[in-house]
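Novice: Here it is, the structure, as structure tokens.
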Amino acid sequence: MAAKKILIADDEPRLRKLLSDYLSREGYQVVEAGDGEQALDVFYRDRELDMMILDVMMPERDGLQVCREMRETSTLPIILLTAKSEESDVLAGYECGADEYISKPFSPRILVARVNALFRRSEGAAPKESKVLCKGGIMIDLAAHQVKADGREVMLSVKEFELLTYFLENTGLALSRDMILNSVWDYDYFGDARTIDTHVKKLRAKLGDRGEYIKTIWGYGYKFEPDEDEAG
């Protein structure tokens, strides 16, 4: 099996070299970009990319702009790197479609662990035999990593896909924010539960009318509750 290819986009050559060395030792193939425009050039040119690691503060195009443009056509896993750690900055990263957000300074080993975990979540969870969930006009093909709402294909990031799957697998159950964090974000997540609200907001928008089935339980969490005649 060919090594997975990761693009590192950062305007600091020394950091790119450091991360590239660590990821290469882990068995990954690494390509580099020094700014946002270069990152997009690589993205559009190289169809064999498996993941992108984007610095938020880059010249030409910043990481958020790159992430936002990519999400118009791709579900490629994205990790954002930033020196900003304010809650609003973190939520902005997830709002544009990032799957992970790592604040500088950080250990390269932490980054490698996050990369490995993100690949496991995006690929390792798929069953050998096709499993399809259908609830409330929403269809999720777990093996193909595909979502449709009323027959229309919906582009979701890895985290959005996992969150929607969790909702459909627990249809009708009240799910607290802590339950969702533990099940979807797992033990290595260091943010707070309001990140879930950002992802739910994006899910609702992408699902159109079907997004209304994700009900808010104020002060607690969420419940996926389709109309009775569409619950099956």
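Novice: With the requirement that a residue be surrounded by 18 or more Cβ atoms within 10 Å (Cβ to Cβ) and under 17 Å from GLU12 (Cβ atoms), what does region 43-57 give you?
Specialist: MET52, ILE53, LEU54, ASP55, VAL56 - these are the residues of region 43-57 that are surrounded by 18 or more Cβ atoms within 10 Å (Cβ to Cβ) and under 17 Å from GLU12 (Cβ atoms).
Novice: Report, by residue number, each residue of region 1-58 that is over 21 Å from ASN116 (Cβ atoms), assigned to a loop (DSSP other than H, G, I, E, B) and without any contact (Cβ under 8 Å) to a residue 24 or more places away in the chain.
Specialist: ARG47
Novice: Restricting to region 135-167, and then to whatever is in contact (Cβ under 8 Å) with a residue 40 or more places away in the chain and assigned to a strand (DSSP E or B), can you tell me which residue is nearest to MET70 (Cα to Cα)?
Specialist: In this case the residue turns out to be VAL154.
Novice: Condition (residue is within 28 Å of ALA3 (Cβ to Cβ), assigned to a strand (DSSP E or B) and touching an Asp or Glu at 6+ places or on another chain (Cβ under 8 Å)) applied to region 59-78: is it met by at least one residue?
Specialist: Yes.
Novice: For the subset of region 199-214 comprising residues that are more than 19 Å from the chain's Cα centre (by Cα) and surrounded by fewer than 14 Cβ atoms within 10 Å (Cβ to Cβ), which member is farthest from TYR101 (Cα to Cα)?
Specialist: Looking at the filtered set, the residue picked out is ASP209.
Novice: Could you check GLU32 against (1) buried (at least 21 other Cβ atoms within 10 Å of the Cβ); (2) farther than 17 Å from THR195 by Cα and say which number it fails?
Specialist: (1)
Novice: Which residue pairs have Cβ atoms closer than 9 Å, lie 6 or more positions apart in sequence or on different chains, and pair a first residue in region 171-192 that is closer than 13 Å to ILE217 by Cβ and among the small types (Gly, Ala, Ser) with a second residue that is at pLDDT 85 or above and buried (at least 18 other Cβ atoms within 10 Å of the Cβ)?
Specialist: Every condition considered, the pairs that remain are GLY172/PHE224; GLY172/GLU225; GLY172/PRO226; ALA174/GLY221; ALA174/TYR222; SER176/GLY221; SER176/TYR222.
Novice: Given the conditions (1) closer than 17 Å to MET139 by Cβ; (2) outside any helix (DSSP H, G or I); (3) at pLDDT 85 or above, which single one is not true for LYS206?
Specialist: That leaves (2) as the condition not met.
The values are calculated or read from the model by the stated rules, or taken from the named source; none is laboratory data. Quantities reported herein were computed from a predicted structural model and do not represent experimental measurements. Quick reminder, even Gly has a Cβ in these numbers, built from the backbone with ideal geometry, and neighbours come from all protein chains shown.
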